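Written out below as structure tokens is the structure these notes cover.
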Amino acid sequence: MNSTSNRLIFGCGYLGRRVARRWLQEGHRVHAVTRFPARAAEFLREGIEPHVADITDPGSLRQLPEATTVLFAVGFARGSSNTIDDVFVEGLRNVLNLLPAAERFIHISSSGVYGQQNGLWVDESSPCRPVRAGGRACLGAEQLLMHHAQGQRAVVLRLAGLYGPGRIPRRDDLLRGVPIAAPATGFLNLIHVDDAVDTVLAAEQLAPVPRLYLVSDGTPVPRRHYFAELARQLGAAEPRFITPDPNNHSAGRAMSNKRIRNQRLRDELKVRLSFPSYVDGLAAILGDTSSAGDIERPNG
């Protein structure tokens with residue numbers, strides 16, 4: 001990899017913007033695509049070179065810069081006039097068709113491609129049986145990428161639940177005493193955003209291509225334990241759980257029950273997690289260190 005060169009980000013949001021800052025610190029020239037002029041102005045103030053374009057509109061993508069590394073970390077906005085397939089699959093197709101070839105293409109996907117609900121461990125070799133539209137779209141995007149010429153220089157990162165400063169699942173519900181619409185049993189799989197950033201940078205430098213990685217802290221936590229610990233650190237009441245509404249779009253996610261193994265991540269990318277458990281991560285965000293590190297950590 002060139003020591004200093006262009007980087008291009010699609011989806012410069014919660015994760016992508018942190019990656020951009022790290023690349024800027026390393027002396028790289030960083031470009032980012034956004035649909036919004038106001039966001040473009042924010043990027044400029046941070047030293048990120050903005051390109052106002054929409055991945056669902058091929059005509060807007062014809063002036064993309066060449067880049068050594070491309071990060072595709074596009075999210076989906078609920079309430080959009082586009083479907084999730086329009087964004088994740090067709091949007092990626094438009095980018096691949098118009099993007100100058102890159103040395104490395106890092107694609108942010110989701111552990112939602114696994115639909116297992118039996119609490120078993122999953123790894124990169126486990127079958128993908130997504131049950132939600134988001135998981136199916138992520139898998140479709142992965143398959144599209146792997147069948148494209150750029151796929152031979154691609155790294156796919158299937159992220160577990162991303163959390164960090166300003167993004168703690170159900171924090172406000174617990175503070176308001178709102179019941180958690182999910183089973184108390186079942187496992188959650190998480191990754192702190194800082195560790196996800198480190199993984200992106202390690203994948204850029206160390207991953208053989210093409211390659212796939214599951215990105216998780218390797219400490220699946222029973223849902224009841226996670227919310228009890230979050231409530232404790234927040235000083236909120238013990239969580240209550242209710243059966244989720246099957247018509248709610250998030251019901252499928254609430255029923256998820258699998259455990260993610262991160263062995264390949266640790267072996268090949270040598271990522272040293274700053275937050276190897278949800279207790280460590282929540283304590284760093286909320287300022288409670290009374291029990292950080294005092295948990296049992298299963299292998300994987």
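Laboratory data are not the source of any read-out in this text; all were calculated from the coordinates shown. Everything numeric here is computed off the predicted structure, so don't read it as measured data. As a convention, Cβ positions derive from the backbone with ideal geometry for all residues, glycine included, and neighbour counts pool all protein chains shown.
Summary table below
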| read-out | value |
| --- | --- |
| Residue list for region 17-33, given a label point 7 angstrom along the Cα-to-Cβ vector of residue 42 and an amide N cut-off under 15 Å | 17-21, 32-33 |
| Pairwise Cα inverse-distance average, inverted: Kirkwood Rh of the chain (Å) | 20.0 Å |
| In range of the label at residue 185: residues from region 209-241 whose backbone nitrogen is under 20 Å from the point 7 Å along Cα→Cβ | 220-229, 239-241 |
| Total charge dipole magnitude, region 1-147, about the Cα centre, Cβ charges on Lys, Arg, Asp, Glu only, Debye to nearest 20 | 340 debye |
| Total charge dipole magnitude, region 157-262, about the Cα centre, Cβ charges on Lys, Arg, Asp, Glu only, Debye to nearest 20 | 360 debye |
| Trypsin sites (Lys or Arg not before Pro) restricted to region 65-138 and DSSP loop, no more than 14 other C-beta within 10 Å | 78 |
| Of 79, 68, 14, farthest towards positive along the dipole that unit charges on Lys, Arg, Asp, Glu beta carbons give the chain | 79 |
| Förster radius 30 Å - calculated FRET efficiency between residue 21 and residue 206 (Cβ-Cβ, nearest 0.05) | 0.90 |
| Anisotropy class of region 96-192 from Cα gyration tensor, a/c 1.5 cut | prolate |
